[in-house]
Every structure is written in C-alpha cells, then in structure tokens.
There are 2 protein chains.
Amino acid sequence: MKVTVIGLGLIGGSIAIDLRKAGLATELVGVDLNAEHARKAVELGLVDKIQTEDKALHQADIVILAIPVNAMCQLLPAVLDAVKSTAVVIDAGSTKSLICRAVANHPKREQLVAAHPIAGTENSGPEAAFSGLFKNKTNIICEKEKSSDHSLEVSMRVFNALGLHTIFMEAEEHDKHVAYVSHLSHVSSFLLGQTVLDIEKDEKNIFALAGSGFASTVRLAKSSPEMWAPIFEQNLEYLSQALLEYIMHLQRFHYHLMKRDTKELNRIMSSANEIRRVLDGIELKTKSQSEEQSVEKQK
Amino acid sequence: MKVTVIGLGLIGGSIAIDLRKAGLATELVGVDLNAEHARKAVELGLVDKIQTEDKALHQADIVILAIPVNAMCQLLPAVLDAVKSTAVVIDAGSTKSLICRAVANHPKREQLVAAHPIAGTENSGPEAAFSGLFKNKTNIICEKEKSSDHSLEVSMRVFNALGLHTIFMEAEEHDKHVAYVSHLSHVSSFLLGQTVLDIEKDEKNIFALAGSGFASTVRLAKSSPEMWAPIFEQNLEYLSQALLEYIMHLQRFHYHLMKRDTKELNRIMSSANEIRRVLDGIELKTKSQSEEQSVEKQK
C-alpha cells in the first residue's frame, strides 16, 4: 500500500520504519514543512521520497499525520478534501477533543481514524526515529463510531504492525486522563529543570551533586517546546485543573514541612508510595506482553 | 580491618558488600535496630555477624553509620564515646549541617569523617543492597579540617574502595545545593504520584495511559518515607526555599497557560531545555570515568 507520512519527526519517522518492516507499506512518501527534516528523512531511508502535499495525498492509500496538534487542526480538513475516497487518514495527535471538533462535520469524516499512540522519548526530529518505539504501547482511538468500518479495519492493520494495543475512549475522557498522566509530568519536569538551572548558575554543582534520581525526574525537560506548547494550549482546561491540584499538594506538603509535622509528611509519602504498585503493574504488563509475543513467535 | 556497619539498609549493605570485595574489611559486624533487617543481612552475607552496639563499637577499626539522619544526630556522640582512640567513624547522612553540629564540641570529633556518598535507588532495606552502587558517584566530605589526617586517610581508603570520587564542601553549602538538586526532585515526585493517584481512583486508566515519561518522573515517589521525612526536616530551611521557587515557577507557567501565551510557554520550555547539556554532561562524566578505569585496569 502507498503510505504518505506528514511530519517526519520521532513519531512519523518511527511509524514509517515499522510499516516498511512489516511489509504493510510498499511505497512511503514523506511531507514536511521543514526542508532539512525532509532531506534527512530520505537520507535515513525513513521514506522513499518527498513530495508536495497535493501530490502525496492524491495517490495515497493511507495518510498518517504526526505534526504538532495546532497544525493538525488546521491541516486535517484539507487533507480529507484531497484524499481519494478509499484512502484512510490517521492522526496521531496527543490531544483529541479539538482535533475531532475540527473535522466533526466534514463530509469525509468517516475516512479519518482519530488516534493517540502513546509512546515517545525526550528526543525529536527524524534522527530520533527508531524501530520498536510503539511495541507493547497503548493506542487510544477516539470517536470510533464516526470512522467507517473500512477505515477502522485498515488503521488496525497499521496499529498492529507497530505492536500497539488499541483501546477506545471518548475524546474528552482521553484529554482529561492524559492531562494528569502525561501532560502534568512534562510540566513538572520542565519547571523542575528551570528551578534548578535558575539557582545553580554555576553548573559544576549540578554536575557534582546530581544523582540518577535527579536525571530521572528532569528527563522530560529535554522535550521539544514546539510540540508541547500546542498540546498544553489545546488541553488547557484539564491541564489547568491538574496543575492546580499538583500545586495544592505541594503547598500542603510545604505547610506540614514548616510545622515540622513529620507524622503528616510520613503519611503523605507513604500514600504516594502506592504508585509503586501501579509502576510495577506497568512493568509487569510490558513483560507479560513480550512473553506473550515470544510464545506466539515460537508457534 | 574490623568494620562495623550501623544500619543495614541499601546504603550500609552496599558499603559492606564492596568493602569485603575490595579486601579492606576482614571482619564485618552489623548493628540494626530492626531485628528482621539484621537477620536478613547475615543471611545475605552482607555482614558476618550481628552484635549489640556496645560490643560492635568496642573493637572496630572503622565504624560506618548509614541510618536516618535524625537517628544519626542522636547516636553519633555515643558512638564517638564508645570507639577506641585509633578507630575512624564515617557518617553517610544525606544532610550535613545538623549532624556536624551534633558533634561539634565532642572531644573525639577528629575521629569522625562527615560524608555524603551520593548514590541510591528508590528501594530500601538489606535486600536492596548491591555491589557497585557507589561506582563513579560523587562523595562529599564536609568540615574536613575537623577530621584528623589519620581519619581522612583511612576514610579515603574506604571511599576509593567503593569507587567514589570525593570532593570537599562546607556543610551549609552542601545542604543548600542538595535541597535543589536532590531533595526537591524527591518532593516533586512524591506529590506528582499523589496528584495522579488522587484523581485516577480507577487505576486502569493509569495503567493504560502512562508512558515511560510518567514512570520516569514518579520513580522517586517509591522512596522510603522513614528515610526521607527526617532529611526534609533537617534541611527544612533550604528545602522550603527550593519548594517555594518551584511552586512560583509552576504558578507562572499556569498564568501564561491561562493567557494562552504560547510564545512565553515556548520561551520557558526552551530555557528548561538547557538541562539537556547538564544531563549529557553527567552521562559523559560517568562514561569517561569508566573508560578511565578500564584503561587503568589494562595497565
């Protein structure tokens, strides 16, 4: 099948690699506003060639969009306009409500599958792309009742080829949960990095004193602002709620700290320790899934 | 040399393992208030035997304390009272000002080396101990002018055997920097975990939606409250400053988010991206140190 990938960064590039590997894409065409990224994507073999949007959309069987979510809202209606009537369009945006709203009344809405494959690293651009990024990760499809059976079926072939496990959710519900479980982590990490850089003007102290714990908590502060600013803005309402609750928890902790109320600090931390069960569960899930897969391979 | 380790958890246990491996400890005696930890430490071979504090201190050449920092302040004077005049006492506490103050006027102060080997994981107890925990990590010695040359020399043999790189710092300066670079990371992680657990009462959503980014930022929320509550309390003043600055950064970010000031959000995140250089530096440092060591081994 002819696959067109719009946006040749970490997400788009990694999708391209694994769709070719799985044999699902027989021709891969890339589109990217950034000429340097486009050139690099061909050089790295992520796509076979670069074309203008018009040409690339006209002949594609599958179109995958992996661009910042604000650009997604602007571009999606025109993409649906341009594709042939049998084509399937998949958007891989990290927010879903505004994107779904942007095409809610589009006559070709049923050709779109609104998805969120939850995977990534703190790196960006075509050079950050790699095979296996999506393996054993979760994919969310929103408003599945608005996609045709054909679109869903073709998109599931794409998601399965990437190793994703797909579940279904309402767009609003999706946005609310990712505000807490993903977006808040990024904000907390960006500002933790900022706070430390602000104080430790002489970086030799960070070098000497930072342990693996610090590196772990600020890892996400390396993420791309161009990608995240539009996500935060599109998910403003839920992210704002999450941020206010986080700030409230921090202030309450500060209050008990200043009162030297060790018992209460202990209680708060013991309660936060419960996250261990969740994290162990995530590890367990990934593990049992890879075992499952290796059993399947042996068959 | 006869080494006594007081506190047989992650830190004390890991020190014991590597001092035996290096041939520096010919006899290892353990002391722990927790009978179950004591039993386990012998079973795991971390120490040869368990003795009462009195007995264990009397004959020791080196005494290492790896207990919560509040217990450290209480116990240290009595430990110095009990050891023989040629013994060297090392405290491995994560705060240094109050610990140094607790023994400031002790007649045997010069037998103590106040240190902070900066290493750890989110796990605790004797079963969490492992060989190599301290390899290529930084060790801080505070108030080195108050330790005798003999004490410093013996302690350096211990720190070198563990693979630590030692630097010197004032106790207040140490406490200020670790508030930002270590303690704040732990608080932010504990409360991020708490915020998410608070909202996501139905944990299936965390399981499904959490990516590796979330796992990375909340990893430290698994840490031991019994260890961290006393650290936070002892470092109350600097940690409070760090927390207030972090909260201020979060609130400022929230303000610009609500104003949909994407340009300013971008600027803040780009500035936080600078942490990449620091983190790369930490990785590079660790890497070049291991290369250095493998070159030394080849000699």
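Would you mind finding the one in A:LYS40, A:LYS21 that is among the basic types (Lys, Arg) and either surrounded by fewer than 17 Cβ atoms within 10 Å (Cβ to Cβ) or at pLDDT below 95 (or both)?
None of the others qualify; the one that does is A:LYS21.
State yes or no: is B:MET248 surrounded by fewer than 16 Cβ atoms within 10 Å (Cβ to Cβ), on the phi < 0 side of the Ramachandran plot and in a helix (DSSP H, G or I)?
On the way: surrounded by fewer than 16 Cβ atoms within 10 Å (Cβ to Cβ): yes; on the phi < 0 side of the Ramachandran plot: yes; in a helix (DSSP H, G or I): yes.
When the stated conditions are applied, B:MET248 passes them.
Based on this model, can you work out whether A:ASN266 counts as more than 7 Å from chain B (Cβ to nearest Cβ) and at pLDDT 95 or above?
So A:ASN266 does not fit the description; no.
For the subset of region A:177-193 comprising residues that are open to solvent by 10 Å² or more (accessible area, probe 1.4 Å) and modelled with pLDDT under 95, which member is nearest to the chain's Cα centre (by Cα)?
A:SER182
A quick yes/no check of all residues on (1) more than 10 Å from every other protein chain (Cβ to nearest Cβ); (2) not in a helix (DSSP H, G or I):
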| residue | (1), (2) |
| --- | --- |
| B:GLU127 | yes, no |
| B:GLU153 | yes, no |
| B:ARG157 | yes, no |
| B:ILE167 | no, yes |
| B:ALA179 | no, no |
| B:VAL187 | no, no |
| B:LEU191 | no, no |
| B:THR195 | no, no |
| B:ASP198 | no, no |
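Restricting the search to region A:227-238, which residues are more than 8 Å from chain B (Cβ to nearest Cβ) and part of a helix (DSSP H, G or I)? It would help to see each step written out before you state the result.
Residues of region A:227-238 more than 8 Å from chain B (Cβ to nearest Cβ): A:227, A:231, A:234-235, A:237-238.
Within region A:227-238, A:MET227, A:ILE231, A:GLN234, A:GLU237, A:TYR238 qualify.
Taking the condition touching a residue at least 12 places away in the same chain (Cβ under 8 Å) and either aromatic (Phe, Trp, Tyr) or in a helix (DSSP H, G or I) (or both), does B:LEU257 pass?
No; evaluated as a whole, the condition is false for this residue.
Applying the selection to region B:28-48, what residues are among the acidic types (Asp, Glu) and over 19 Å from B:ASP91 (Cα atoms)?
Scanning region B:28-48 gives B:GLU36, B:GLU43, B:ASP48.
Exactly one condition in (1) over 18 Å from A:ALA210 (Cβ atoms); (2) surrounded by 22 or more Cβ atoms within 10 Å (Cβ to Cβ); (3) at pLDDT 95 or above is false for B:VAL196; which is it?
(3)
Is it the case that some residue within region B:59-81 is over 24 Å from B:ALA179 (Cβ atoms), modelled with pLDDT under 95 and out of contact with any Asp or Glu (no Cβ under 6 Å at 6 or more places or on another chain)?
Yes, that holds for at least one residue.
Kindly indicate whether B:PHE130 is touching a Ser or Thr at 6+ places or on another chain (Cβ under 9 Å), closer than 20 Å to B:ALA22 by Cα and not acidic (Asp, Glu). Don't jump to the end; show me each part of the working.
Values: touching a Ser or Thr at 6+ places or on another chain (Cβ under 9 Å): yes; closer than 20 Å to B:ALA22 by Cα: yes; not acidic (Asp, Glu): yes.
Here the answer is yes, as B:PHE130 does meet what is asked.
Can you say whether B:GLN241 is open to solvent by 40 Å² or more (accessible area, probe 1.4 Å), part of a helix (DSSP H, G or I) and over 29 Å from A:ALA119 (Cα atoms), as far as the supplied structure shows?
yes
In region A:203-226, how many residues are buried (at least 21 other Cβ atoms within 10 Å of the Cβ) and more than 7 Å from chain B (Cβ to nearest Cβ)?
1
Report, by residue number, each residue of region B:137-157 that is over 16 Å from A:PHE207 (Cβ atoms) and under 16 Å from the mean Cα position of the chain (by Cα).
Listed by number, the residues that qualify are B:ILE141, B:CYS142.
Restricting attention to strands (runs of 3 or more DSSP E) lying wholly within region B:1-82, give those where 2 or more residues are among the charged types (D, E, K, R).
So the answer is none; nothing clears 2.
Given the criterion in contact with a strand residue (DSSP E or B) (Cβ under 8 Å, 6 or more places away or on another chain), within 20 Å of B:LEU46 (Cβ to Cβ) and crowded, with 21+ Cβ neighbours inside 10 Å, identify the matching residue among B:ILE118, B:ILE140, B:ILE62, B:ILE99.
From the options B:ILE118, B:ILE140, B:ILE62, B:ILE99, the qualifying one is B:ILE62.
The values are calculated or read from the model by the stated rules, or taken from the named source; none is laboratory data. Note that the coordinates shown come from a computational prediction; the quantities given were computed from them, not determined experimentally. Neighbour counts are summed over all protein chains in view; Cβ atoms, including those assigned to glycine, are modelled from backbone coordinates with ideal geometry. To get the accessible areas, we keep the full protein, side chains included, count just its heavy atoms, and leave off ligands, DNA and RNA. Shrake-Rupley method; radii C 1.70, N 1.55, O 1.52, S 1.80 Å.
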